[in-house]
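Heads up, the thing below is written out as structure tokens.
The values are calculated or read from the model by the stated rules, or taken from the named source; none is laboratory data. Remember, predicted model here, so these are calculated numbers, not experimental data. Accessible surface is based on the protein model in full, side chains and every heavy atom, while ligands, DNA and RNA are left aside. Shrake-Rupley method; radii C 1.70, N 1.55, O 1.52, S 1.80 Å.
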Amino acid sequence: MRKDALRFFYFQRCGHPLSLSHWGNLSRPACHAQDSNATAVNSSFLPIGNKNVSGGWHDAGDYVKYTFNNALSTVYLAKAYLENPNVFSDNEQIPESGNGVPDIVDELALNANFLLRLQDTVTVSPDFGGVHSKISTQQWNVHLMPQNENQTRYVTPPTTISTAGFVSAM
């Protein structure tokens, strides 16, 4: 169960290919390359610039990346590792397995890097520090595989809850 739970996060990775050797018939190429230049919008949904928000984990089958949910998952994984470090191995069958770092720490690092990209440096000032709320298309695309979702991806404005989640994860 622990191994399957950790591999779930590998399966939710955005912008990373899921390899045939790790996922068999569920393998897929990398998705959402456009997240490296997503359109940041203000509260009126008017474009205000572009932002690299690549990486992280999809929230669900609609491929939205919610900051708070990513942050909360990071907190729970970190807590599990900190309380039980000896139960986590470096052999959970993810691409980073065998690098000398427990695979749960590899997943934590992957998502922490994503969360750091969500800190706002555009809408208010470079010193503002709020955290963007989510990355998504204008419409959910639940009938597409993630690598086929090629619509513009939008970065929504910072919110208090996203910023609080970010702070708890960091």
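Odds and ends about this structure:
- Sequence-distant residues sharing a close amide H with residue 15 (under 5 Å, placed H): 31
- Atom-type composition of the exposed protein surface of the chain places 56 percent of the accessible area on carbon and sulfur (1.4 angstrom probe).
- The residues of the chain have, on average, 51 Å² of accessible surface per residue, using a 1.4 Å probe with all protein chains present.
- Euclidean distance of C-alpha centroids, the range 1-60 and the range 64-135, integer Å: 12 Å
- Note on residue 65: aspartates and glutamates with a C-alpha under 14 Å away, same-chain residues under 8 apart excluded, are 35, 149.
- Computed [θ] at 222 nm, deg cm²/dmol, the chain (DSSP H ≥ 4; -39,500 (n - 2.57); rounded to nearest 500): -10000 deg cm²/dmol
- 16 Å Cα-Cα reach of residue 3 towards aspartates and glutamates, excluding residues that sit fewer than 8 places from it in its own chain: 90, 92, 96, 103, 106, 107
- Length released on extending from residue 140 to residue 26, taking residue separation times 0.36 nm less the Cα-Cα span: 38.9 nm
- For Rg/Rh (Cα atoms, Kirkwood Rh), the value computed from the atomic coordinates appears in the list (1) 0.98; (2) 1.04; (3) 1.26 under label (1).
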